[in-house]
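The values are calculated or read from the model by the stated rules, or taken from the named source; none is laboratory data. It should be emphasised that the depicted structure is a prediction, and the values quoted were computed from it without experimental measurement. Positions of Cβ are backbone-derived with ideal geometry, glycine not excepted, and every protein chain shown enters the neighbour counts.
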């Protein structure tokens, strides 16, 4: 199998957000959206991701139509929107459905390939199969608005195992429901690349997030993922092996890069984006 000589990279939401981080209130980037898109385009990225609070800010200022024009003018080919939680709990629909509607509006108007969803912090669910029915219903709604659902297993949430999540996708059995494969959550959950290769298929992979980390966790898992990620190739994980594994499954990109760290947030935005992209590129097999 042949691959593009230069991979396409997507700057996932936190990579281009400047001094913003998950669970800060609000999560809105301090970088004006025009400046942010200019920086992403100028540093060679093919796409971008935006988190819910950034989408709200854009909707309430330039509108999703204005944001779509900026995205098109910049030549971006890939757009991601995130994040939805609690979607499996109808007793909390009054909380998550308004957010869901905003994400659907954004995905439809911006041409996003998928809406990223997750699950809540806590002990791993004993039965992943219980999520299949709600996933099917959510996927039907997404398809009716021209997009897909991408579930991200996270090492400290209810759904955390990539192999088990791959089995869940087989149970859901809908081509418009797939997975986000974030390398950090693979190695921090103790999943081997052999297990990834054995369980995943290319069709299940809707998005990939590249990053690196030290061998030892610093702080809690959440603190480590938010504050201490390393640029690709600068940590102790086998980023190239991960890329080879996904290529061996037939995945060809685009490749997201998700950098979350105090170091990354402290850099000027263009410098941060250049470093995130160049270090990721350096990990690709020649």
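If residue 156 satisfies every condition in (1) touching a strand residue (DSSP E or B) at 6+ places or on another chain (Cβ under 7 Å); (2) crowded, with 22+ Cβ neighbours inside 10 Å; (3) closer than 16 Å to residue 119 by Cα but one, which is the exception?
Among (1) touching a strand residue (DSSP E or B) at 6+ places or on another chain (Cβ under 7 Å); (2) crowded, with 22+ Cβ neighbours inside 10 Å; (3) closer than 16 Å to residue 119 by Cα, residue 156 violates only (2).
Return the only residue of 257, 239 being free of Cβ contacts under 8 Å to residues at least 60 places away in the same chain, buried (at least 16 other Cβ atoms within 10 Å of the Cβ) and touching a helix residue (DSSP H, G or I) at 6+ places or on another chain (Cβ under 9 Å).
Working: 257 fails: free of Cβ contacts under 8 Å to residues at least 60 places away in the same chain.
Of the residues listed, the single one that is free of Cβ contacts under 8 Å to residues at least 60 places away in the same chain, buried (at least 16 other Cβ atoms within 10 Å of the Cβ) and touching a helix residue (DSSP H, G or I) at 6+ places or on another chain (Cβ under 9 Å) is 239.
Is it true that some residue in region 73-82 is over 14 Å from residue 11 (Cβ atoms), assigned to a strand (DSSP E or B), in contact with a strand residue (DSSP E or B) (Cβ under 8 Å, 6 or more places away or on another chain) and at pLDDT 95 or above?
No, region 73-82 contains no residue that is over 14 Å from residue 11 (Cβ atoms), assigned to a strand (DSSP E or B), in contact with a strand residue (DSSP E or B) (Cβ under 8 Å, 6 or more places away or on another chain) and at pLDDT 95 or above.
So which residues in region 102-140 are within 17 Å of residue 176 (Cα to Cα), out of contact with any strand residue (DSSP E or B) (no Cβ under 8 Å at 6 or more places or on another chain) and touching a residue at least 40 places away in the same chain (Cβ under 8 Å), if there are any at all?
Of everything in region 102-140, those that are within 17 Å of residue 176 (Cα to Cα), out of contact with any strand residue (DSSP E or B) (no Cβ under 8 Å at 6 or more places or on another chain) and touching a residue at least 40 places away in the same chain (Cβ under 8 Å) turn out to be 131, 132, 134.
Do you know which of the residues in region 90-118 that are assigned to a loop (DSSP other than H, G, I, E, B) and in contact with a helix residue (DSSP H, G or I) (Cβ under 8 Å, 6 or more places away or on another chain) is farthest from residue 151 (Cα to Cα)? Steps first, answer last, please.
Pass one, region 90-118, residues assigned to a loop (DSSP other than H, G, I, E, B): 111-113, 118.
Imposing the further condition that a residue be in contact with a helix residue (DSSP H, G or I) (Cβ under 8 Å, 6 or more places away or on another chain) reduces the set to 111-112.
On the way: 111: 18, 112: 15 Å.
Here the residue is 111.
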